[in-house]
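Student: Supplied in structure tokens, the structure appears directly below.
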Amino acid sequence: MKKLVIFLSFFICAIFFSQILSSNLEKKTLALGEVNRFTVKIDNLNNQEVKAAPKDELLPFHFEEIKDSIGVKPDIYERKIEFSIFDEGTYTIPELEFRVGEKILKTIPYEVEVVNTAKKGDVINDIMNNKEVKLDVKDYWELYKWYVLAALALICLIIAIVIIVKYGRKPKDSPVVATNQTLKELDSLKKKKYIEEGNYRSFYVELIDISRKFIVKQYKIPADVLLTDDLIHLMKNNNTISQDNEKVVEDVFYRGDLVKFAKTFPDQQTMEKDFNEIRDFVKRSSKDIEFENLRKDA
């Protein structure tokens, strides 16, 4: 009798003080995407810590966990998981381990069958009837404004590319560029006031130097290395420069040579005249180039 009492005492203690794990799966068969619930509960914790897989990582890969809530009290641990599965087939929730102190508790495995409830040929009806909505200009603009703006930007880009390709910057050796550059150099010479101060030698040295460089660029004649006589002779035989322009170059260059060697002393009026004639010659040069291009094409 005494032994029986002791045995019953141990049995009652084991019941009241050992941890009890229970689990429950709400549904064993699910439709695609349907929400199911899985619950794990451990009783008689006696303030012991429960260790398990981290939150949202308890179930296997195919189980899409929606909610994973954990409730802990001194004697109770409860974990509720809501999940869905989006592929047809049969899936298993394996044994899941929960460590309570030094003791490991395991759930029983569960199988979940997922079926596609929509059959081929089923008629799917709208929940609500379609409603016709009238849109005004402002609504259409809000819907399509970015497409319109993108199309306009593309058109502008194409136009810009065409303009750049067709009417882009002139080559640096083009007649227009050479003319404009030389006119700027002549304006700079004018600002030095050599004419007003009577500094004829500096004036003619720079005027002829500017003119020689211009002839090299515009007419492709090596004026920078030829003596004046040789240059005049080459221009007349070349027929690239018009007779009026040849006459200007000839008069001014010969006068410049005489000034250089102190054989003549031009007055202010002559210097002004030579400057203006060289400037007009530079401006008229484009006509010489046009005539030469026409002659070559013919």
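The values are calculated or read from the model by the stated rules, or taken from the named source; none is laboratory data. Computed from a predicted structure; not experimentally measured. Using ideal geometry, Cβ is built from the backbone for each residue, glycine included, and neighbour counts are taken over all protein chains shown. These accessible areas exclude ligands, DNA and RNA; they are computed on the full protein's heavy atoms, side chains included. Shrake-Rupley method; radii C 1.70, N 1.55, O 1.52, S 1.80 Å.
Student: Please express the shape of segment 20-118 as an equivalent ellipsoid: the semi-axes are the square roots of 5 times the eigenvalues of the C-alpha gyration tensor, given largest first in whole angstrom. Before the final figure, lay out each step's value.
Tutor: Numbers: eigenvalues 150, 29, 23 Å².
Those come to 27, 12, 11 Å.
Student: At 1.4 Å probe size, with every protein chain present, just tell me what the per residue accessible area of segment 201-266 comes to in Å².
Tutor: Numbers: 3540 Å² over 66 residues.
Using a 1.4 Å probe on heavy atoms only, each residue of segment 201-266 averages 54 Å².
Student: Once neighbouring chains are kept in place and the probe is 1.4 Å, which whole percent of the accessible area of segment 175-289 is contributed by carbon and sulfur?
Tutor: On segment 175-289, the fraction of accessible area on carbon and sulfur atoms equals 51 percent.
Student: A further question on this structure: What length, rounded to one decimal in nm, is gained on full extension from residue 155 through to residue 99, with 0.36 nm per residue of separation minus their alpha-carbon distance? Mind showing how you got there, number by number?
Tutor: Numbers: separation 56, 0.36 × 56 = 20.16 nm, distance 6.91 nm.
Difference between extended and current length: 13.2 nm.
Student: Distances longer than 22 Å among the Cα atoms of segment 175-289: what percent of all pairs is that? Mind showing how you got there, number by number?
Tutor: Numbers: 1778 of 6555 pairs.
Tail of the P(r) past 22 Å holds 27 percent of the pairs.
Student: Given 0.36 nm per residue, what is the gain on full extension from residue 62 to residue 270 after removing their alpha carbon distance, in nm?
Tutor: On the way: separation 208, 0.36 × 208 = 74.88 nm, distance 10.18 nm.
64.7 nm is the gain from fully extending residue 62 to residue 270.
Student: Taking the solvent-accessible surface of protein heavy atoms with a 1.4 Å probe, what is the per residue accessible area of segment 20-118 in Å²? Intermediate results must be reported in sequence, preceding the final value.
Tutor: Working: 5860 Å² over 99 residues.
Dividing the accessible area of segment 20-118 by its residue count gives 59 Å².
Student: Let me ask you something else. Given charges of +1 on the Cβ of Lys and Arg and -1 on the Cβ of Asp and Glu, with all other atoms neutral, how large is the dipole of segment 175-289 about its Cα centre, in debye to the nearest 20? Working shown, then result.
Tutor: Values: 20 positive and 20 negative charges, 66 e Å.
Result for segment 175-289 is approximately 320 debye, rounded to the nearest 20.
Student: Here's another thing I want to ask about it. In the structure displayed, which of 191/263; 80/103; 51/73 lie more than 24 Å apart, Cα to Cα?
Tutor: Details: 191/263 26 Å; 80/103 22 Å; 51/73 14 Å.
Distance filter (> 24 Å) returns 191/263.
Student: Between residue 139 and residue 80, what length comes free when the chain is fully extended (0.36 nm per residue of separation minus the Cα-Cα distance, one decimal in nm)? Let's see the in-between values first.
Tutor: Numbers: separation 59, 0.36 × 59 = 21.24 nm, distance 4.74 nm.
That pair, residue 139 and residue 80, stretches by 16.5 nm at full extension.
Student: Taking a ≥ b ≥ c as the square roots of the Cα gyration tensor eigenvalues, with a/c under 1.5 meaning rounded and otherwise prolate when a/b beats b/c, else oblate, which class fits segment 228-282? List each step's numbers first, then the result.
Tutor: Details: a/c = 3.74, a/b = 1.44, b/c = 2.60.
Cα axes put segment 228-282 in the oblate bin.
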